[in-house]
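Chemist: To start, I am sharing the structure in question, which I have written as structure tokens.
The values are calculated or read from the model by the stated rules, or taken from the named source; none is laboratory data. Because the structure is predicted, anything quoted here is derived from the model rather than measured. Reconstructed Cβ throughout: ideal geometry from the backbone, glycine too, with neighbour counts over all protein chains shown.
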Amino acid sequence: MVVGEKSHNKKAQIKIQQTAFMLLAITVFFVLVGLFVLVFKVGSIKETATILEEDNAMLLVSRLANSPEFSCGNAFGTSKVDCIDADKIMALKESSEKYKDFWGISNIEIRKIYPTDELNIECDSFTYPNCNIIQIKSGGLVGYSVSNFVSLCRKESFEGSPYNKCELAKLIVSYESIQ
Amino acid sequence: MNLFSKMVMRKKAQEEMIGFALIIIIVAVILLVFLAVSLNKSNKEVLGVNEVDSFIQSFLSYTTDCEEDLNNYYSIQDLIIECNNYESFCLDERKTCDVLNFTLREIVDESWKISENTPIKGYELLIGAEEIELISFKAGNSTNNYKGSMQEFSSRGMSIIIDFTAYY
């Protein structure tokens, strides 16, 4: 009778042990699955943030050229799309500190494409207009960059009479990638 | 009796193992479905800017070195009109059509550089007025991956079409 009871207790203990191991295994398994999902979700949040930043940069580059700070308006005859007033940009560059957080991106530059110049000369009050890069906002170029074609227009003068001169350029917008 | 009880125990253990395996399989399938859905989402194309549209707009405004009269230079758009309607000359006696052709080739070459290090594989530009072909040139290879744009303006009642395609 005592032997029977002992064997019964042992069986019950084994059963409890078995259930405990099973519960432990299932818990560990679900914890691992949860961790996997969490890592995946965090990764996709970063990815979504990066995609949003990219979208933002793309929208910005297409709208920036036509924004009042950049656009030619009616200064060069009729109103033009994707036309940047270089003289206005040079004035904007002087007060770029005021626009530090305005666009929410790290870098804005305009690079002349045609006519080509082998030297990369940055525009400032001394080199303008014989230069080919206008750096409006300078920051790190470690992220994603988006560019768009624009016509870069300015007023020129020959023997005292003014005329319009438009060149082909690229407006480049960059932002720092999310870590 | 002892043998029967052992058999019942084994059967129960087998059932539990099968149950556990089933749970793992179900969870694995759910995970795979979740993974597939997530991967499909990440392949979504981000909203793109049509660079080609802006390129056409920008080159049309480009001021060429062809002088109409003192201190008045033709833009590419003016040259297209001049070349199409009058086949006129610049002040320095160059033909407007020649200047247009030369300048456009240089602009396109500089803007869409074809090489192994760039994503651009080729391009094609066509400027025509109704049935007349004013400018037509292509470079590189045509691929199935391309971005193109067509713009139209009219001059003296004639419609002028500019069609540019960049192949990636």
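Chemist: Select from the stretch B:70-100 the residues that are under 30 Å from the mean Cα position of the chain (by Cα) and among the hydroxyl-bearing types (Ser, Thr, Tyr) and list them in ascending order. Steps first, please.
Modeler: Residues of the stretch B:70-100 under 30 Å from the mean Cα position of the chain (by Cα): B:74-81, B:83-84, B:97-100.
Hits for the stretch B:70-100 are B:74, B:75.
Chemist: Still on this structure: Could you identify the single residue in A:134, A:121, A:105 that is over 25 Å from residue A:52 (Cβ atoms) and crowded, with 19+ Cβ neighbours inside 10 Å?
Modeler: Going through A:134, A:121, A:105 in turn, just one is over 25 Å from residue A:52 (Cβ atoms) and crowded, with 19+ Cβ neighbours inside 10 Å: A:134.
Matching residues to (1) farther than 25 Å from residue B:153 by Cα; (2) among the charged types (D, E, K, R); (3) in the same structural domain as residue B:146 (by TED's automatic domain parsing); (4) modelled with pLDDT under 90:
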site	(1), (2), (3), (4)
B:2	yes, no, no, yes
B:5	yes, no, no, yes
B:10	yes, yes, no, yes
B:17	yes, no, no, yes
B:34	yes, no, no, yes
B:78	no, yes, yes, no
B:85	no, no, yes, yes
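Chemist: Let me ask another. Could you please give the count of residues in the stretch B:131-160 that are under 11 Å from residue B:56 (Cβ atoms) and surrounded by 14 or more Cβ atoms within 10 Å (Cβ to Cβ)?
Modeler: The total comes to 3.
Chemist: Hey, another quick one. Restricting attention to the stretch A:148-164, does a residue exist that is closer than 30 Å to residue A:45 by Cβ, in contact (Cβ under 8 Å) with a residue 40 or more places away in the chain and at the interface with another protein chain (Cβ under 10 Å from one of its Cβ atoms)?
Modeler: Yes, that holds for at least one residue.
Chemist: Within the stretch A:37-58, identify whether any single residue is closer than 15 Å to residue A:136 by Cβ and not small (Gly, Ala, Ser), and answer yes or no.
Modeler: No, the stretch A:37-58 has no match at all.
Chemist: May I ask you to say which residue of A:75, A:57 is under 30 Å from residue A:168 (Cα atoms), at pLDDT below 85 and in a helix (DSSP H, G or I)?
Modeler: None of the other options fit; the residue is A:57.
Chemist: Considering only the stretch B:140-166, state which residues are in a strand (DSSP E or B) and within 18 Å of residue B:109 (Cα to Cα).
Modeler: B:140, B:146, B:147, B:148, B:149, B:162, B:163, B:164, B:165, B:166 - these are the residues of the stretch B:140-166 that are in a strand (DSSP E or B) and within 18 Å of residue B:109 (Cα to Cα).
Chemist: Can I ask one more? Taking the conditions exactly as written (on the phi < 0 side of the Ramachandran plot and either under 24 Å from the mean Cα position of the chain (by Cα) or assigned to a strand (DSSP E or B) (or both)), does residue A:118 satisfy them or not? Don't jump to the end; show me each part of the working.
Modeler: Numbers: on the phi < 0 side of the Ramachandran plot: yes; either under 24 Å from the mean Cα position of the chain (by Cα) or assigned to a strand (DSSP E or B) (or both): no.
Against the criterion (on the phi < 0 side of the Ramachandran plot and either under 24 Å from the mean Cα position of the chain (by Cα) or assigned to a strand (DSSP E or B) (or both)), residue A:118 does not qualify.
Chemist: Still on this structure, please answer the following. Report, by residue number, each residue of the stretch B:87-117 that is in contact with a helix residue (DSSP H, G or I) (Cβ under 8 Å, 6 or more places away or on another chain) and surrounded by fewer than 15 Cβ atoms within 10 Å (Cβ to Cβ).
Modeler: Matches in the stretch B:87-117: B:87 only.
Chemist: Return only the number of the condition from (1) exposed (fewer than 13 other Cβ atoms within 10 Å of the Cβ); (2) more than 17 Å from the chain's Cα centre (by Cα); (3) not charged (D, E, K, R) that residue B:128 does not satisfy.
Modeler: (1)
Chemist: For the subset of the stretch A:57-98 comprising residues that are free of Cβ contacts under 8 Å to residues at least 60 places away in the same chain and among the polar types (S, T, N, Q), which member is surrounded by the most Cβ atoms within 10 Å (Cβ to Cβ)?
Modeler: A:71
Chemist: For the stretch A:127-171, enumerate the residues that are closer than 26 Å to residue A:106 by Cβ, modelled with pLDDT of 90 or more and not polar (S, T, N, Q).
Modeler: Within the stretch A:127-171, A:131, A:133, A:134, A:149, A:150, A:152, A:167, A:168, A:169, A:170, A:171 meet the criteria.
Chemist: Mind listing just one residue for me: the one in the stretch A:127-147 that is aliphatic (A, V, I, L, M) and away from every other protein chain (no Cβ under 12 Å) and, of those, nearest to residue A:92 (Cα to Cα)? Don't jump to the end; show me each part of the working.
Modeler: Of the stretch A:127-147, the ones aliphatic (A, V, I, L, M) are A:133-134, A:136, A:141-142, A:146.
Adding the requirement that they be away from every other protein chain (no Cβ under 12 Å) leaves A:133-134, A:136, A:141-142.
Numbers: A:133: 14, A:134: 11, A:136: 8, A:141: 21, A:142: 24 Å.
The qualifying residue nearest to residue A:92 (Cα to Cα) is A:136.
Chemist: Moving to a separate point now. Say whether the condition of being more than 10 Å from chain B (Cβ to nearest Cβ) and in contact (Cβ under 8 Å) with a residue 40 or more places away in the chain is met by at least one residue in the stretch A:115-126. Walk me through how you get there before you give the answer.
Modeler: Taking the stretch A:115-126 first, the residues more than 10 Å from chain B (Cβ to nearest Cβ) are A:117-126.
Still in the running and in contact (Cβ under 8 Å) with a residue 40 or more places away in the chain: none.
No, the stretch A:115-126 has no match at all.
Chemist: Under the condition of being of a type outside the set (A, V, I, L, M) and surrounded by fewer than 18 Cβ atoms within 10 Å (Cβ to Cβ), which residue from the stretch A:41-53 is nearest to residue A:173 (Cα to Cα)?
Modeler: By that ranking, first place goes to A:50.
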